[in-house]
Amino acid sequence: MLYRDLTSELERRRAAHLYRQRRRIEAAPGPHLTLDGRPAIAFCTNDYLGLARHPEVIAACQRGVETYGVGSGSAHLVAGHGPAHQALEEELADFLGRERALLFSTGYMANLGLIQALAGPGDPVFEDRLNHASLIDGALLARARLRRYPHGDVAALLRQLAACAHAESESGSGSSSGFGCESRSEFVSGSESGSGFWCESGSEPGFGFGSESGSESGCGFGSGSRSDARSRSASGSGPDTAPTATGHSVALIATDGVFSMDGDLAPLPELAAIARAAGVPLLVDDAHGLGVLGREGRGSLDHFGLDAVAVPILMGTLGKALGTFGAFVAGSEDLIETLIQTARPYIYTTAPPPALAAATRASLALARREEWRRERLRELIQTFRQGAAQLGLPLMPSTTPIQPILAGSAERALAWSQALEARGILVTAIRPPTVPEGSARLRVTLCALHTDQDLDCLLAALAELPKGARDPGAAA
Ligand SMILES: Cc1ncc(COP(=O)(O)O)c(C=O)c1O
């Protein structure tokens, strides 16, 4: 047979309430949409500050198109890097107190590029179990040895770091970081195709939640041995010309700043202290903190008062609170130059349209100066949590605009989402493998442009969810 039995696989997904479907959204300004021809209020976008359709952002984008055209025409390193990209990179670096910033086409690619540039095959990469799929996939692309610690559990991370250092001293392999982890016994073979990857011992071989790719098939990525990986082709067709940045084992700790499906904050001060003590660089993906937390929206590091010494590698996205598209990495001169030289998702792709960079400059300025948007979010969060608690809904411990309501089974999450939609409220159901089995949820998100009335409508619709079904432990 040429193909797997795709029809049966799709049917199985449907039967397990895991089938995903796109919706046709016609957007009007703000969180008020037309959904399949009917008006609806969206409580599920990442446009937290309500900047995606701001007139100043739209005007900047239009001027950008008139000035620069639509497409960038080529990769940054060929002829795609223009004055709008450059200006945005400088503004982001200045805003975040870093030597430099580097634009990527998407956040997914930024994380792939970062980890692939910093970690080589077999190098240990320590990640929170609930990290975004792109951080997990970055470790796969690097063929690093992924070690996932339980969510927010700094003690478990410490144990993993210690075990890793011990394994290295036992094997006598030396690396500058002291975390070489050369034991091959932990190589986990991947999917049926014979591929494999390095994974924390004792963890399941597949990537359950947290990874959209490969999760059900056991995470096969590429094929071959560690040494094969070292000599893999840089461009996909020739000999390897893009070695890892260091050429030897380097450990990395990577975490979301604000967890995308839970809304809680990583214990960044503790992680930063551990990383510094261990001499391991800390990478924070602040996709959901940037614009929302900290002074002028500088994000979760600023919220905790952490600087570039404490957290040397900062990644942020532009398609969420900043309302546009793309992503960046901010850090030292050497980090950025290393990415330019070696990050494949940076090198081998077309640069984002310059007009988008122009639009982001406008939205960044708005995000910085319009504090009322963050104040409004704080108000909405408080009112929502009070109202939902009065309804007895199972909230999660989040202080951010991501306010999930735990449903438990995928079937129940889907039923809740459909019940809300019948009342003109759009909240998508988040199901495994995006979240752990048994923790399907409605991922409610708040936007500074939601009115009090919008929130009343949401709470009224939530009040109508089937009684007795609100306990996620109960059968669906
Ligand atoms: C924590 C986190 N990192 C990275 C990404 C990827 O960003 P992008 O949508 O720009 O690819 C997302 C969202 O999609 C995210 O939630």
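Worth pointing out:
- Y3 being touching a Lys or Arg at 6+ places or on another chain (Cβ under 7 Å) and either over 20 Å from K320 (Cβ atoms) or in a loop (DSSP other than H, G, I, E, B) (or both): no
- A count restricted to the stretch 92-128 and to residues that are assigned to a loop (DSSP other than H, G, I, E, B), small (G, A, S) and crowded, with 21+ Cβ neighbours inside 10 Å stands at 4.
- Among (1) in contact with a helix residue (DSSP H, G or I) (Cβ under 6 Å, 6 or more places away or on another chain); (2) under 29 Å from T349 (Cα atoms); (3) crowded, with 20+ Cβ neighbours inside 10 Å - the single one Y48 does not satisfy: (1)
Conditions tested, residue by residue: (1) assigned to a helix (DSSP H, G or I); (2) under 17 Å from the mean Cα position of the chain (by Cα).
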{"position": "R276", "(1), (2)": "yes, no"}
{"position": "F325", "(1), (2)": "no, yes"}
{"position": "P345", "(1), (2)": "yes, yes"}
{"position": "L356", "(1), (2)": "yes, no"}
{"position": "T360", "(1), (2)": "yes, no"}
{"position": "S363", "(1), (2)": "yes, no"}
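- Per-region count, the stretch 269-284, residues touching a helix residue (DSSP H, G or I) at 6+ places or on another chain (Cβ under 6 Å) and within 16 Å of the ligand (Cβ to nearest atom): 1
- Condition check for L391: touching a residue at least 12 places away in the same chain (Cβ under 8 Å) and surrounded by 21 or more Cβ atoms within 10 Å (Cβ to Cβ): no
- Residues of the stretch 105-143 classified as away from the ligand (no atom under 16 Å from the Cβ) and either without any contact (Cβ under 8 Å) to a residue 60 or more places away in the chain or of a type outside the set (A, V, I, L, M, F, W, C) (or both), total: 6
- Residue count, the stretch 291-323 (criterion: assigned to a helix (DSSP H, G or I) and either under 19 Å from the mean Cα position of the chain (by Cα) or within 15 Å of the ligand (Cβ to nearest atom) (or both)): 5
- Filter result (within 17 Å of R378 (Cα to Cα) and surrounded by fewer than 18 Cβ atoms within 10 Å (Cβ to Cβ)) within the stretch 407-458: T451, D452, Q453, D456
Here, each number is a calculation from the coordinates, and none is a lab measurement. Predicted model only: the values in this text are computed from it and were never measured. Every residue, glycine among them, receives a Cβ derived from its backbone with ideal geometry; neighbour counts consider all protein chains shown.
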